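> Below is the structure I would like to discuss, written out as structure tokens.
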Amino acid sequence: MMVFLSRPLKRIGQARERLSHRVLSLGKRRLRNRYSVLGEAPILDRRTLILYNPKAGSLKAQPTKSGVPSPEESATALHEAAKAVGLNATIEPTPPPEALRQRVLAAQAEGYEVVAAAGGDGTVRPIAQALIGTSLVLGVLPVGTDNNFAHSLGLPFSLPEAMQVLATAPVRRVDVGCIGEEYFLEAAGVGLFAQIISLFGPDGPHLFRFGRDWKLLLPLLLNPPARRLQLVLDGNTYAEEATMVSICNSIYLGARFAVAPDAKLDDGLFDVVMVGALSRWELLRFALALRFGNTLQLPKVTCLRAREVEISRVRYRQRPLPVHADDHIAAHTPVKIKVIPQALCVVAPDSTQSAP
């Protein structure tokens with residue numbers, strides 16, 4: 001009798017084990033879907049705070065009855081785009097710079113998972129700076145003018161598609177650069193680009209100040225200055241006469257110039273692009289190469305990779321040079337710039353996908 005019952009009992013036991021395994025697997029999958037961070041399935045119900053810049057280029061271009069949209073109309077456009085993809089999002093204008101860190105910390109305490117920046121690079125960078133060191137993930141809705149960081153991430157540029165990515169794409173870790181206590185996403189450096197920022201500020205030359213702008217810019221273009229610099233890259237010292245040195249975390253800088261076309265956001269290294277002394281005609285050729293992304297093919301352009309870069313004047317008593325971090329002046333020489341690998345979590349397509 002016991003032999004007769006052993007087989008059915010054994011089968012019942014096996015069925016119970018299979019059922020328990022399926023229930024356990026389903027529970028683990030649900031937990032991964034809700035709390036996954038890197039490389040896991042997308043979180044479809046991410047609680048997201050969207051901080052938007054009402055003056056961003058694409059938001060200003062949204063068609064409205066009154067022409068240029070008000071902040072309320074911009075918020076409505078973002079809300080409708082989020083609702084269309086089923087994203088659980090709160091929409092707020094970006095707070096003043098001095099209040100941004102406090103708003104981010106409050107968002108973390110309120111249970112948000114993602115803080116998204118809706119705007120251009122000038123909106124994304126300070127929000128990213130405020131997020132570093134928190135558990136929050138950065139989202140990017142590239143509705144600004146140049147959108148360099150979004151280009152490097154491979155994000156789409158229509159609002160509906162970008163919102164879909166924000167709702168469903170995986171979370172990646174990317175590197176950031178650091179100067180002192182300040183972080184940057186694109187590049188830092190000295191030379192021509194830093195000098196232009198010193199003259200004009202982060203917004204660059206303006207058409208309505210054409211005469212004054214050209215009075216300042218023309219001497220730089222006719223006689224591009226080269227400085228004798230000492231560079232220390234991961235302990236290796238170089239003495240260079242350079243028109244510009246860019247320590248690049250990503251591909252693009254400025255008006256979507258491909259300064260470092262081979263740079264990667266997640267390799268733990270800077271692409272250090274050194275541009276030698278240029279004549280005015282060589283500068284024109286360099287400007288064209290920036291637009292087409294083939295600067296590294298020019299004879300006076302060198303690219304090295306490093307985790308830490310120090311820049312100083314060869315002579316100690318020489319006047320310090322301004323050092324830019326992304327779109328503003330952050331320091332003066334001598335300066336130490338280092339990469340912080342995978343310091344920032346960001347919602348973006350897989351890094352193997354090409355940028356648009």
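> Taking 1 over the mean of 1/r across every pair of different Cα atoms in region 259-356, what Kirkwood radius in Å do you get? All intermediate terms of the calculation are to be shown ahead of the outcome.
Numbers: mean 1/r = 0.0627 Å⁻¹.
With all distinct Cα pairs of region 259-356 included, I get 16.0 Å.
> So, one more: What full-extension length gain, to one decimal in nm, is calculated for L296 and I340 as 0.36 nm per residue of separation minus the Cα-Cα distance?
Values: separation 44, 0.36 × 44 = 15.84 nm, distance 2.48 nm.
Between L296 and I340, full extension yields an extra 13.4 nm.
> Continuing with this model, one more query. Per-residue counts of other Cβ atoms within 10 Å, averaged by peptide: what ranking do you get for 154-161, 118-125, highest first?
On the way: 154-161: 16.2, 118-125: 25.5.
Peptide ranking by packing, descending: 118-125, 154-161.
> How much net charge surrounds D146 when only the other residues with a Cβ under 9 Å from the Cβ of D146 are counted, with Lys and Arg +1 and Asp and Glu -1? Intermediate results must be reported in sequence, preceding the final value.
Numbers: positive: R256; negative: D121.
That sum, taken over residues with Cβ under 9 Å, equals 0.
> Determine the sum of side-chain charges near V85: Lys and Arg each +1, Asp and Glu each -1, restricted to other residues whose C-beta is under 15 angstrom from that of V85. Mind showing how you got there, number by number?
On the way: positive: R46, R47, K83; negative: D45, E80, E161.
Its environment carries a net charge of 0.
> Here's another thing I want to ask about it. Any idea how far the Cα center of region 157-176 sits from the one of region 245-281, in Å?
24 Å
> Could I ask something else about it? How large is the accessible surface per residue of region 143-185, computed with a 1.4 Å probe and reported in Å² as a whole number?
Values: 1320 Å² over 43 residues.
Result: 31 Å² of accessible area for each residue.
The values are calculated or read from the model by the stated rules, or taken from the named source; none is laboratory data. What you see is a predicted model; the values in this text were computed from it and never measured. With ideal geometry, Cβ positions are generated from the backbone for all residues, glycine too; neighbour counts draw on all protein chains shown. The area values use the complete protein model at the heavy-atom level, side chains included, leaving out ligands, DNA and RNA. Shrake-Rupley method; radii C 1.70, N 1.55, O 1.52, S 1.80 Å.
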